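K.L.:
Please find one structure pasted underneath; my questions will follow.
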Amino acid sequence: MSFQAIIDGLIAGTTIGLGAIGLTLTYSILRFANFTHGDFLAWGAYLTLSVSGFLGGLVASLGVTTPLGPFSFGWGLPVSLIIGITLTILLTMALDKLLFGRLRRRGADAIIIVMASFGASMALRSLLEFIYTANPQYLTRELQIAEPLGLGMRATPDQLLTIGLTAVLVVALNLFVTRTPMGRAMRAVSENPALAGVYGIEVQRVIRVTWIIGAGLACVAGVMSGLLVQIRPYMGFDLLLPLFAAAILGGVGSIPGAVIGGLIIGLAEAFAVQIFGAEWRAGVAFIVLVLVLLVRPTGLFGRPS
Amino acid sequence: MEYLAYAAFFLTLAMTFSIICLGLNVQWGQTGLFNVGVAAFVGVGAYTSVLLTTPATPDRIGGFGLPIAVGWIGAAGVSAVVSFLVGALTLRLRSDYLAITTFGIAIALQLCFQNIEVLTGGVFGVGFIPRAFGSVQANALLFNYANLALAAALVVVLYLVLEHLARSPWGRVLRAVREDEAAAQSLGKNPAALRLQAFALGGAIMGLAGAVQAHFVGFISPPNYLPMLTFQVWAMLIVGGSGNNMGAILGAVLVWAIWALSGSLISEVFPADQQARAASLQIVVIGVMLCLLLLWRPQGLLPERQTISKHLGTRHDT
């Protein structure tokens, strides 16, 4: 057992936590378990990768890939990420307009919408495989040295950056949800959509903002995972169970809960890898999920339904 | 000759998919339970039956050399127990927790199939599974048709039993629970227990299908039980018509035909190095088809029929 597992777990946990925020928001505001959410992470990563490749070809002379400071990427990546976020948001909006929105308006059962999301997820993932093939791709080819942090723990500058960025995003988002009129409207819709509508809250706008936040964070999480590990068509699918487990562990609808849930799952995975071996990593999220459902189905910060 | 043998092979597999679909129809069509882990329940059945019926081998636990029929029964039993446990954990909670948990157990069991090598043979799987009518295996035509007859007979028997169940008081209460839980409860029915029974019954049928498939193909390995399988079976049930047992069988044959035909088309049209890529288009098409059906014709080709007690005579209004 080494302390390195703590760092590894925190880093994996930030990706899971960021992804789980979008999932928990769509779950509480649009009221369905969205199986396509994992694929939003993968699409975000691939869209950013494409933009960054395009940018590299367009203005190669401007040093888009020359590493910034201690990091492994140049200024091209942050720019591509912003465009990638926009494209991911457009993708989810289109999906909502074509599929989920129509089913919602028809008054379809939540479980029918879950099923549609399951079908859409398969289609989206396979489309990625068709466009980009199943071969893994990388946002950067630079090698990084892991710096010592004390107690035998090491982390690369990229890894520390992802932890810092996650912290900033989570604090900002939590302020937005708790301190602004839009945030209040979101909480109202998650409590009772009909009543919120009667009170004069524009439910459609709330739904749009929910997709924007969810898709944006999914893209960031996908790019982080792509930067630290690699980009594969199945990356989002493999993260889906940890995302669900984190959202339920934190309590559906709770943003801090989703992040803490993500960190717990990341840490549990890192320790399980040390104890049982890497081949059992994917089972950890399932064990956590079963334990939460057995002991406290409302999660750490959830309200009883 | 070759085509006849292939037709029998194709139809036998279609029959095994029909059995899975009938199991899913008990869960979703009759009861409204969304199971995203179909592949896992099929896989549990397949591995159970293989453990029971294969001859003993030094590098694997199990291998009891029991008759195939015992394997089938064992498969249904173990799958029923696994479904019961998953159901007991989630059915008292909100409806989509079942979906998430079945999705999770599919991943967990896939890991078990891959990693518990002493039981499952790991990634290499298990071969030389005893086959029904193995004595005539040299004659491919006879062998395939004998298996087809067996699988088809099983589908017919299951169909009759399930139709009978759907018309029985039990089936009617199940649909009552699906349509209006509060009303059913106020009439003294126990929705949680009924759902659990239906979920376990559906799981048992899926396990049986896994065993039938394993003994027909003669080889199993973890990639047979990926989420892809779950997705195919869902497409079959939605195309055929959820809630209708005939629809479940029709959907299974139809979607399997589309799948097999488009697969052979891809291997004809695309060069070898592009085939894996083109095969992903197959999945895109099925996924889009599933979404379009949910949007435009959620009842499928054969919609659910109104069934009421046969003691009330035929209904005239529809």
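K.L.:
Could you please let me know if residue B:24 is touching a Gly at 6+ places or on another chain (Cβ under 6 Å), within 24 Å of residue B:148 (Cα to Cα) and more than 11 Å from chain A (Cβ to nearest Cβ)?
P.N.:
Criteria not met by residue B:24.
K.L.:
Exactly one of these conditions fails for residue B:119: (1) in contact with a Cys (Cβ under 9 Å, 6 or more places away or on another chain); (2) free of Cβ contacts under 8 Å to residues at least 40 places away in the same chain. Give me its number.
P.N.:
Result: residue B:119 fails condition (2) only.
K.L.:
Tell me which residues, restricted to region A:26-59, are crowded, with 20+ Cβ neighbours inside 10 Å and of a type in the set (Ser, Thr, Tyr). Full working, then the answer.
P.N.:
Of all residues in region A:26-59, those crowded, with 20+ Cβ neighbours inside 10 Å come to A:26-30, A:32-49, A:51-52, A:55.
Within region A:26-59, A:26, A:27, A:28, A:36, A:46, A:48, A:52 qualify.
K.L.:
Can I ask one more? Output the residues belonging to region A:60-95 that are assigned to a loop (DSSP other than H, G, I, E, B), loosely packed, with under 14 Cβ neighbours inside 10 Å and modelled with pLDDT of 80 or more.
P.N.:
A:70
K.L.:
Give the residue, chosen from B:114, B:110, that is over 30 Å from residue A:296 (Cβ atoms) and touching a Pro at 6+ places or on another chain (Cβ under 7 Å).
P.N.:
Checking each option against the conditions leaves just B:114.
K.L.:
If you take the residues in region A:96-107 that are more than 8 Å from chain B (Cβ to nearest Cβ) and touching a Leu at 6+ places or on another chain (Cβ under 8 Å), which one is surrounded by the fewest Cβ atoms within 10 Å (Cβ to Cβ)?
P.N.:
Checked region A:96-107; the qualifying residue surrounded by the fewest Cβ atoms within 10 Å (Cβ to Cβ) is A:104.
K.L.:
Separate question: Being without any contact (Cβ under 8 Å) to a residue 24 or more places away in the chain and loosely packed, with under 14 Cβ neighbours inside 10 Å: is that true of residue B:138 here?
P.N.:
Yes.
K.L.:
Which condition number does residue A:277 fail, the rest of (1) at negative phi; (2) within 12 Å of chain B (Cβ to nearest Cβ); (3) surrounded by fewer than 18 Cβ atoms within 10 Å (Cβ to Cβ) being met?
P.N.:
(1)
K.L.:
Please enumerate the residues belonging to region B:8-44 that are of a type in the set (Gly, Ala, Ser) and either at positive phi or assigned to a helix (DSSP H, G or I) (or both).
P.N.:
Hits for region B:8-44 are B:8, B:14, B:18, B:23, B:29, B:32, B:39, B:40, B:43.
K.L.:
A further question follows. Every residue in region B:30-39 that is out of contact with any Lys or Arg (no Cβ under 9 Å at 6 or more places or on another chain), among the small types (Gly, Ala, Ser) and modelled with pLDDT under 95, please. Spell out the reasoning first.
P.N.:
At the first step, the residues of region B:30-39 found to be out of contact with any Lys or Arg (no Cβ under 9 Å at 6 or more places or on another chain) are B:34-39.
Checking which are among the small types (Gly, Ala, Ser) leaves us with B:37, B:39.
Selection gives B:37 alone.
K.L.:
Okay, moving on. Quick check on region A:131-138. Is at least one of its residues assigned to a loop (DSSP other than H, G, I, E, B), in contact with a Gly (Cβ under 8 Å, 6 or more places away or on another chain) and of a type in the set (A, V, I, L, M, F, W, C)?
P.N.:
no
K.L.:
To continue, here is another question. I'd like the full set of residues that are over 20 Å from the mean Cα position of the chain (by Cα), more than 9 Å from chain A (Cβ to nearest Cβ) and free of Cβ contacts under 8 Å to residues at least 40 places away in the same chain, limited to region B:70-116.
P.N.:
Listed by number, the list holds a single entry, B:116.
K.L.:
Of the residues B:253, B:173, B:157, B:177, which single one is in a helix (DSSP H, G or I) and surrounded by 22 or more Cβ atoms within 10 Å (Cβ to Cβ)?
P.N.:
B:177
K.L.:
Identify, from the list B:82, B:86, B:118, B:78, the residue that is loosely packed, with under 15 Cβ neighbours inside 10 Å, out of contact with any strand residue (DSSP E or B) (no Cβ under 9 Å at 6 or more places or on another chain) and either aromatic (Phe, Trp, Tyr) or in a helix (DSSP H, G or I) (or both).
P.N.:
B:118
K.L.:
Quick one: residue B:243 ticks every box in (1) part of a helix (DSSP H, G or I); (2) within 14 Å of another protein chain (Cβ to nearest Cβ) except a single one, so which number is it?
P.N.:
Against the list (1) part of a helix (DSSP H, G or I); (2) within 14 Å of another protein chain (Cβ to nearest Cβ), residue B:243 comes up short only on (1).
K.L.:
Mind listing whichever residues of region B:274-295 are facing chain A (nearest Cβ under 10 Å) and either more than 15 Å from residue A:121 (Cα to Cα) or in contact with a strand residue (DSSP E or B) (Cβ under 7 Å, 6 or more places away or on another chain) (or both)?
P.N.:
Scanning region B:274-295 gives B:274, B:276, B:277, B:278, B:279, B:293, B:295.
K.L.:
A further question follows. Got a sec? Which of B:131, B:60 is buried (at least 16 other Cβ atoms within 10 Å of the Cβ), at pLDDT below 90, within 14 Å of residue B:214 (Cβ to Cβ) and among the charged types (D, E, K, R)?
P.N.:
B:131
K.L.:
Moving on. Restricting the search to region B:216-231, which residues are within 14 Å of another protein chain (Cβ to nearest Cβ) and either hydrophobic (A, V, I, L, M, F, W, C) or crowded, with 24+ Cβ neighbours inside 10 Å (or both)?
P.N.:
B:226, B:228, B:229, B:230, B:231
K.L.:
Hey, does region B:183-197 have a residue that's part of a loop (DSSP other than H, G, I, E, B), surrounded by 15 or more Cβ atoms within 10 Å (Cβ to Cβ) and either within 14 Å of chain A (Cβ to nearest Cβ) or of a type in the set (S, T, N, Q) (or both)?
P.N.:
no
K.L.:
Checking the condition over 30 Å from residue B:33 (Cβ atoms), over 20 Å from the mean Cα position of the chain (by Cα) and either part of a helix (DSSP H, G or I) or more than 14 Å from every other protein chain (Cβ to nearest Cβ) (or both), which residue from B:132, B:138 passes?
P.N.:
It is B:138.
K.L.:
Identify the residue in region A:112-160 that is farther than 26 Å from residue B:32 by Cβ and among the hydroxyl-bearing types (Ser, Thr, Tyr) and, among all such residues, is farthest from the other protein chains (Cβ to nearest Cβ).
P.N.:
By that ranking, first place goes to A:156.
K.L.:
Test residue A:182 against the stated conditions and say whether it is surrounded by fewer than 18 Cβ atoms within 10 Å (Cβ to Cβ) and in contact (Cβ under 8 Å) with a residue 12 or more places away in the chain.
P.N.:
Answer is yes for this residue.
The values are calculated or read from the model by the stated rules, or taken from the named source; none is laboratory data. A quick note: this is a predicted structure, and the numbers were derived from the prediction, not measured. Please note: Cβ atoms are built from the backbone with ideal geometry, for glycine as well, and neighbour counts cover all protein chains shown.
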